[in-house]
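The values are calculated or read from the model by the stated rules, or taken from the named source; none is laboratory data. The structure displayed is predicted, hence computed values, not measured ones. We place every Cβ from the backbone using ideal geometry, glycine too, and count neighbours over all the protein chains shown. Protein only, heavy atoms only, side chains kept; ligands, DNA and RNA dropped before computing areas. Shrake-Rupley method; radii C 1.70, N 1.55, O 1.52, S 1.80 Å.
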Amino acid sequence: MVLPLVDLCAKEVVSDHSSSPGWLGCVPRELYRPLLDAAFTNCRPLAVGELVQRWPERTLRVGGRRRQGQSPPNRLCVQALLLAVVRGLSDHSEDTEVVVVHVRADLFVNARSWDRARAALGTPGPLKLQCRYIRVEELSVSSIRSLLDLLPRSCLMGVDIRYSCLGVAGLALLLPQLAAFPALSSLRLHYCNLDVRRDIAGQEGALRDLSRGLGQLGQLRRLSLTALRPVFLVVLSRSSLSQPLEVLELPYLSLTPADLAYLSCSPHASSLQQLDLSENRLDESAVPSLRQLLSRASGCLVHLSLSGCGLTNELLAALLPSLARCRSLKSLALALNPLHLAGLLELVRTAVGMASLRQLLYPNPLEDYQPGLPPMPTSAQLLDWPLDELVAVHEATSLQLDRVLWIHCTYVCIVITPDPPS
């Protein structure tokens with residue numbers, strides 16, 4: 001990427017901190033932004049602090065949506081920015097005008113940082129921390145509830161809870177509290193110990209509570225459930241969400257054919273833009289429902305992951321016509337499926353015929369592994385089993401893939417990527 005001349009000059013200026021006294025006093029106000037961007041990009045926290053303290057505008061915006069491949073801001077630069085803001089507020093503490101600074105940030109809070117996060121959010125002062133997305137790990141229900149009570153209501157858009165023993169009762173307490181955030185559009189629950197089983201006494205009432213709480217999240221568009229009981233889909237079916245979901249991530253959920261049948265007929269199917277069913281082992285009985293689901297989502301589905309689903313040549317062949325009709329699909333992940341080379345080649349032939357597809361993550365064919373692999377290996381076995389060390393084996397696979405791409409892919413821009421080597 002060719003940088004504009006002003007960005008190149010800004011990079012040179014902030015690179016030598018010893019020269020800052022010479023230019024800080026004469027910087028035109030229109031150059032503060034490129035200088036600050038260069039200081040963040042090149043990790044110059046001292047320059048960040050000095051520029052922020054002298055910032056000529058009443059509004060300072062930092063961050064926002066990152067470009068593809070762009071790294072997040074360096075932690076030292078973020079600390080320098082906040083310290084400069086606090087120092088600036090202290091310098092003007094005797095001014096008659098009350099200055100309030102709103103800092104919008106994404107928060108990650110675990111058991112070790114809980115006390116500091118609570119202090120930062122709960123301490124009164126002119127610096128107001130506003131959270132858009134919060135991720136918590138290994139926190140109790142009471143700690144998560146206390147943290148939510150400290151967050152401003154208007155700007156929270158996503159909650160990600162991981163490795164926390166919520167239990168059914170704990171989640172039933174959290175959902176009504178989350179409903180108080182009007183902009184909340186994303187909820188992720190990963191490994192949260194939600195053992196929801198209909199055959200246990202009292203669980204039917206718990207299901208009703210969860211369904212009622214989920215239905216109160218009126219702006220929810222993204223729901224991610226990892227390694228939870230599949231009966232949680234019963235909760236989803238009863239929840240009466242006011243609008244359909246656009247992103248549904250259900251990895252490691254042990255989905256049954258009945259669960260897929262519900263998804264294929266649900267009001268969410270025709271609105272899904274992203275669907276992750278990875279690590280749910282599929283068989284012949286699941287194919288009709290999955291084909292119907294893909295058919296209903298064919299006009300809107302952009303990202304699909306079926307990695308680690310136990311798809312053989314025969315199962316994939318039954319799905320390929322439905323996949324080919326997904327006219328908006330941009331990325332397709334099929335890693336760690338037990339495909340032979342013939343099935344892989346047929347997959348690539350189909351993929352290059354999909355005009356919208358830009359990325360295909362395909363599995364290494366079974367022929368590329370060392371001898372001894374079981375006839376129907378699991379995804380874990382494929383991940384752990386070593387690939388054949390003979391270069392000729394991989395060259396043969398690459399040659400056949402290149403031949404398919406040469407014949408069929410003269411006008412389509414697509415990146416095909418194999419499984420990472422074990």
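Scanning the stretch 1-51 for residues being open to solvent by less than 70 Å² (accessible area, probe 1.4 Å) and among the hydroxyl-bearing types (Ser, Thr, Tyr) gives a total of 4.
Tell me yes or no: at least one residue of the stretch 198-215 is at pLDDT 90 or above and within 28 Å of Arg153 (Cβ to Cβ). Checking the stretch 198-215: not a single residue is at pLDDT 90 or above and within 28 Å of Arg153 (Cβ to Cβ).
For (1) touching a Leu at 6+ places or on another chain (Cβ under 7 Å); (2) within 16 Å of His303 (Cβ to Cβ), each residue gets a yes or a no:
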position: Ser239; (1), (2): yes, no
position: Gln243; (1), (2): no, no
position: Tyr252; (1), (2): no, no
position: Thr256; (1), (2): no, no
position: His268; (1), (2): yes, yes
position: Leu275; (1), (2): yes, yes
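When you look at Asp368, is it more than 28 Å from Gln292 (Cα to Cα), free of Cβ contacts under 8 Å to residues at least 60 places away in the same chain and out of contact with any Leu (no Cβ under 6 Å at 6 or more places or on another chain), yes or no? Against the criterion (more than 28 Å from Gln292 (Cα to Cα), free of Cβ contacts under 8 Å to residues at least 60 places away in the same chain and out of contact with any Leu (no Cβ under 6 Å at 6 or more places or on another chain)), Asp368 does not qualify. Checking the structure you have, find out if any residue of the stretch 111-121 is open to solvent by 50 Å² or more (accessible area, probe 1.4 Å) and part of a strand (DSSP E or B). Within the stretch 111-121, not a single residue is open to solvent by 50 Å² or more (accessible area, probe 1.4 Å) and part of a strand (DSSP E or B). Scanning the stretch 19-59 for residues that are outside any helix (DSSP H, G or I), touching a helix residue (DSSP H, G or I) at 6+ places or on another chain (Cβ under 7 Å) and charged (D, E, K, R) turns up Arg44, Arg54.
Every residue, every condition in (1) open to solvent by less than 10 Å² (accessible area, probe 1.4 Å); (2) closer than 19 Å to Leu293 by Cα, yes or no:
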{"site": "Ser307", "(1), (2)": "no, yes"}
{"site": "Ala317", "(1), (2)": "no, yes"}
{"site": "Leu320", "(1), (2)": "no, yes"}
{"site": "Leu323", "(1), (2)": "yes, yes"}
{"site": "Ser331", "(1), (2)": "no, yes"}
{"site": "Leu339", "(1), (2)": "yes, no"}
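Please work out if Cys165 is assigned to a loop (DSSP other than H, G, I, E, B), loosely packed, with under 14 Cβ neighbours inside 10 Å and not acidic (Asp, Glu). Criteria met by Cys165. Residues in the stretch 268-302 that are open to solvent by less than 10 Å² (accessible area, probe 1.4 Å), of a type in the set (A, V, I, L, M, F, W, C) and either in contact (Cβ under 8 Å) with a residue 40 or more places away in the chain or assigned to a loop (DSSP other than H, G, I, E, B) (or both): 4 in all.
Of the listed requirements (1) in a helix (DSSP H, G or I); (2) open to solvent by 70 Å² or more (accessible area, probe 1.4 Å), Arg153 misses just one: (1).
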